[in-house]
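The values are calculated or read from the model by the stated rules, or taken from the named source; none is laboratory data. This one's a predicted model, so the numbers in the text were calculated from it and none came from an experiment. Cβ: placed from backbone, ideal geometry, glycine included. Neighbour counts: every protein chain shown. Quick note on the areas: whole protein, heavy atoms, side chains included, nothing else; ligands and nucleic acids left out. Shrake-Rupley method; radii C 1.70, N 1.55, O 1.52, S 1.80 Å.
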Amino acid sequence: MKRATTDHWLVRYLLIGVVLAFIVVFLAFPVFVILYEALKLGLQFYFSTLGEHQSRSAVRMTLLVALTVVPVNTLFGVCAAWAVTHFQFKGKALLISLIEIPLWVSPVIGGLVFALIFGRQGWLGPWLDDHGIQVMFAFPGIVLGTAFVTFPFVARGLIPLMQSQGSAEEQAALTLGANGWQLFWRVSFPKIKWGVLYGMILCNARAMGEFGAVSILAGTVDDKMTMPLQVEQYYLSMDQGLSKAFALASVLLLLSAVTLVVKIALEWRHLVPSARRLH
Amino acid sequence: MSVAVQNITKSFGAFPALYDVSLEVKTGELLALLGPSGSGKTTLLRIIAGLELPDSGLVSFAGEDVTDKSAYERKAGFVFQHYALFQHMNVFENIAFGLRVLPRRKRPNREAVTKRVGDLLQLIQLEGYEKRLPSQLSGGQRQRVALARALAIEPRVLLLDEPFGALDAKVRKDLRKWLRHFHERTHLTSLFVTHDQDEAFELADRVVVFNQGRIQQIGSPDDLRKNPQNDFVREFLEV
């Protein structure tokens, strides 16, 4: 059957071709290069690099940061999405825009802002110093920078989801005597749980890969480096640095791959039942 | 239980939804709020349930002022036009919801919940549907489940917002008949909103005619037919 909306075959192939070319150049080829360079000097070198103190410390730091940032931003995202979709108040549109600021601002700027606030010469720096609290070049600073960069991810996905669902079920629960807590856990949360998890995955992926903000807040203190920072550190070092950098980068790549698989599994689980329902 | 509203006024921004509305629903009465869309009848129902707050005026249940009580304290049985069933819960869990959220000391045990839900399923003639999800039910079945869910908490008043509005003609007639029988058996004080005068006249003991946020006339179906008090009522009822 001929359909009026079907584009010319040439247009179709051209568009698909362009997309494929992009994927090869920007995704497939780099992945190949990372794996090739990482393993160029042999498996033994590869594993001894990963066993080095600096590598292990970087992996640990990255996982710790993600474990701290993702729950915090999930809580924030759910609160923000709830507030925006369930309450009417002035400046709501502005609030939604504010939530998205980290997507528009360069992470480096975000890092600099925190450095200006918490750094030795910053607004709160002297006070923090007096009380023996270290933010800059320490775990709190890295968490702050990462949290700033990743905080829109959960909220941004949830707001349209919750808006489309409306609040009829919540109203029904209220008339049945549910209090706020019961309302959230028994009615609202089950409706958004996959959306929350999806946001957490995106947030996690971004948190593990963050470089700009963290590079300013962590500096080059040896034990306070996340994986992206350590990759750069290896890259700049002399002694077979390039191969070491790629070895560690391959671990980051592996973490991304795991994230991607979880995301696809989630989408599959999510889409397949609804597709079935259509038939 | 009787329900009374006194001098209720409510506006949404610049739009006046209700203007100085007073009304008493007697114990055991089945009352229809009838009017064109936008006349304020649903808003009044939601104010009685506690889902909207009036700008001024009082709501009382059995003589007790409940104006400042929230919806979850009032626990009026509410049936929504589009059912508002919990999509992720099966029929059993939907109906049991109101029992499961009771404070611990009032919460019935497992057998009591099963018994209560079973009785309600029998009442709405959906035995054997416990495990179905709302998405696996027809519109009429969904609305019956919504009714059972509202009845599970043994409400003192039943509020129905266009309960048959989303159903096709045949199902609508059956469900109407069912509701009439149910009311004759239980005499649960009930209010329902409709824009369909046949529905109002067939079901209700008394009908309240609304237009533009004001009550135009209150009376039995016979009364309204014989003595329409103003032009709006006469034209709306086509008498």
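Rounded, prolate or oblate for segment B:59-121? Axes are the square roots of the Cα gyration tensor eigenvalues, ordered a ≥ b ≥ c, and the cut-off for rounded is a/c under 1.5. Working shown, then result.
On the way: a/c = 2.31, a/b = 1.45, b/c = 1.59.
Cα axes put segment B:59-121 in the oblate bin.
Give the long-range amide H neighbours of B:R206: residues separated by 5 or more places, or on another chain, with amide H under 5 Å away, using H modelled in the peptide plane at 1.01 Å from N.
B:L30, B:A32
What translational diffusion coefficient, in µm²/s and rounded to a whole number, does the Stokes-Einstein relation yield for chain A at 10 °C and a viscosity of 1.306 mPa s, taking the hydrodynamic radius as the Kirkwood radius over Cα pairs?
Rounded, D is 72 µm²/s.
Quick one: compute the contact order of chain B, relative version, from alpha carbon pairs under 8 angstrom and 6+ residues apart, as a percent.
Value for chain B: 29 percent.
Once you average over the residues of B:93-106, how many Cβ atoms of partner chains fall within 10 Å of each Cβ?
Partner-chain Cβ atoms within 10 Å, mean over residues of B:93-106: 3.
Given a 1.4 angstrom probe, I'd like the percentage of the accessible area of chain B that is carbon and sulfur, rounded to a whole number.
47
Taking the convex hull of the Cα atoms, report for segment A:35-188 its projected area averaged over all directions, in nm².
Dividing the Cα hull surface by four gives the mean projection, 14.7 nm².
Suppose R0 equals 30 Å. What FRET efficiency, 1/(1 + (r/R0)^6) with r the Cβ-Cβ distance, do A:V108 and A:L20 give to the nearest 0.05?
Efficiency computed from Cβ-Cβ geometry: 0.35.
Might you work out the accessible area of B:E238 for me, using a 1.4 Å probe with all protein chains in place, and round it to the nearest 10 Å²?
150
Can you compute the modelled spin-label distance between B:S56 and A:I264, with each label point 7 Å from Cα toward Cβ, in nm?
Result: 6.5 nm between the two label points.
Among B:V91, B:A150, B:P103, whose Cα projects farthest towards the positive end of the dipole of segment B:72-217, with charges put on the beta-carbon of Lys, Arg (+1) and Asp, Glu (-1)?
B:P103
Can you send over the carbon and sulfur percentage of the accessible area for chain A, probe radius 1.4 Å, protein chains only?
Working: 11700 of 16580 Å².
The nonpolar share, carbon plus sulfur, comes to 71 percent.
So the label point goes 7 Å from the Cα of A:I117 along Cα→C-beta, right? Which residues of segment A:66-82 then have their backbone N under 18 Å from it?
Answer for segment A:66-82: A:69-70, A:72-77, A:80.
Calculate the mean, over all residues of peptide A:177-189, of how many other protein chain Cβ atoms lie within 10 angstrom of the residue's Cβ. Could the numbers behind the result be given before it?
Numbers: counts 15, 7, 5, 2, 1, 5, 2, 0, 0, 7, 6, 0, 1.
For this peptide, the per-residue mean of nearby foreign Cβ atoms is 4.
Which Cα, out of A:M227, A:G157, A:F246, lies furthest along the positive dipole direction of chain A (beta carbon charges, K/R +1, D/E -1)?
Projecting each Cα onto the dipole axis, the largest value belongs to A:G157.
Taking only protein heavy atoms and a 1.4 Å probe, what accessible area per residue, in Å², does the protein assembly as shown have with all protein chains in place?
53
Taking chain B as a Gaussian network, Cα atoms linked when under 10 Å apart, which of B:G50, B:G118, B:G40 shows the biggest mean-square fluctuation?
With Cα springs under 10 Å in chain B, the top fluctuation among B:G50, B:G118, B:G40 is at B:G118.
A:V11 versus B:N230, label points 7 Å from Cα toward the beta carbon: distance in nm?
Output for this residue pair reads 5.9 nm.
Give me a comma-separated list of calculated 3J(HN,Hα) values for segment B:80-86, in order, Karplus coefficients 6.51, -1.76, 1.60 applied at θ = phi - 60°, integers in Hz, x for any Gly or Pro.
Per residue, the Karplus-derived 3J(HN,Hα) values read 8, 4, 9, 6, 6, 6, 6 Hz.
Could you check the simple spin-label distance between A:F29 and A:K92, using points 7 Å along Cα→Cβ, in nm with one decimal?
4.8
Grab the other residues whose beta carbon is less than 12 angstrom from that of A:V143, score K and R as +1, D and E as -1, and report the net. Write down the numbers at each step before the final one.
On the way: positive: A:K224; negative: A:E210.
Within the 12 Å Cβ shell, the charges total 0.
Return the long-range amide H neighbours of B:A17 (sequence gap of 5 or more, or a different chain), with a cut-off of under 5 Å between placed amide H atoms.
The list, which skips near neighbours in sequence, is B:K10, B:S11, B:F12.
Shielding by partners for B:80-89, please: the mean number of other protein chain Cβ atoms within 10 Å of each residue's Cβ. Each step should come with its number before you reach the end.
Values: counts 5, 1, 2, 3, 9, 3, 8, 5, 7, 4.
Mean partner-chain Cβ count within 10 Å for B:80-89: 5.
Mind checking the dipole of the protein assembly as shown: about its Cα centre, +1 per Lys or Arg Cβ, -1 per Asp or Glu Cβ, Debye to the nearest 20?
Using only the charged Cβ atoms, the result is roughly 1240 debye.
Ignoring ligands, DNA and RNA, how much accessible area is buried between chains A and B, both sides summed, with a 1.4 Å probe, to the nearest 100 Å²?
1700
In what order, largest first, do B:K69, A:K92, A:K40 sit by accessible area if the probe radius is 1.4 Å?
Correct descending sequence by accessible area is A:K40, B:K69, A:K92.
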